[in-house]
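J.: Pasting a structure here, questions to come.
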């Protein structure tokens with residue numbers, strides 16, 4: 001199911017669509033990890049013991065944006081995802097991409 005021009009839901013996961021000419025073997029390919037996933041957002045918030053309201057305040061977005069993102073009901077704009085990711089990074093949490101053993105979160109090592 002295509003959610004918008006950049007993302008679509010495949011097997012219950014939200015994935016980023018990439019152009020066909022970038023896909024291997026002329027098949028449509030999907031790229032996960034260039035965006036913050038709902039599970040990563042919940043996990044990063046849990047590491048920091050932040051409420052949804054605290055994350056919204058740190059990222060300077062509405063709490064409804066956080067609720068919708070974490071529930072997987074919508075995909076915020078790229079700029080919104082970037083400010084949320086930046087809030088986590090400034091608090092010392094790194095987001096782990098799919099190439100690093102699967103999407104996840106961890107505290108930054110000094």
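Derivation of every value follows stated rules applied to the coordinates shown; laboratory data play no part. All of these numbers come straight from a predicted model, not from anything done at the bench. Glycine gets a Cβ as well: all are built from the backbone with ideal geometry, and neighbour counts include every protein chain shown.
J.: Once you place label points 7 Å from the Cα toward the Cβ at residue 78 and residue 60, how far apart are they in nm?
T.: Once both label points are built, they end up 2.0 nm from each other.
J.: Let me ask something else about it. Compute the Cα gyration tensor for region 50-110, then decide on rounded, prolate or oblate, letting a ≥ b ≥ c be the square roots of its eigenvalues: rounded whenever a/c is under 1.5, prolate when a/b is larger than b/c in the other cases, and oblate in all that remain.
T.: Oblate is the answer for region 50-110, as a/c is 1.5 or above yet b/c matches or exceeds a/b.
J.: Using only alpha carbon pairs under 8 Å that are at least six residues apart, calculate the relative contact order of region 37-79 and give it in whole percent.
T.: RCO, region 37-79: 37 percent.
J.: Something else now. Rounded to the nearest 0.05, what FRET efficiency do residue 94 and residue 68 give with R0 = 25 Å and r taken as the Cβ-Cβ distance? Could you check?
T.: 0.55
J.: Could you put 66, 96, 75 in order, starting from the residue whose Cβ has the fewest other Cβ atoms within 10 Å?
T.: 96, 75, 66
J.: If you take the beta carbon distance between residue 47 and residue 86 as r and set R0 to 22 Å, what does 1/(1 + (r/R0)^6) give as a FRET efficiency, to the nearest 0.05?
T.: So, using R0 = 22 Å, E works out to roughly 0.90.
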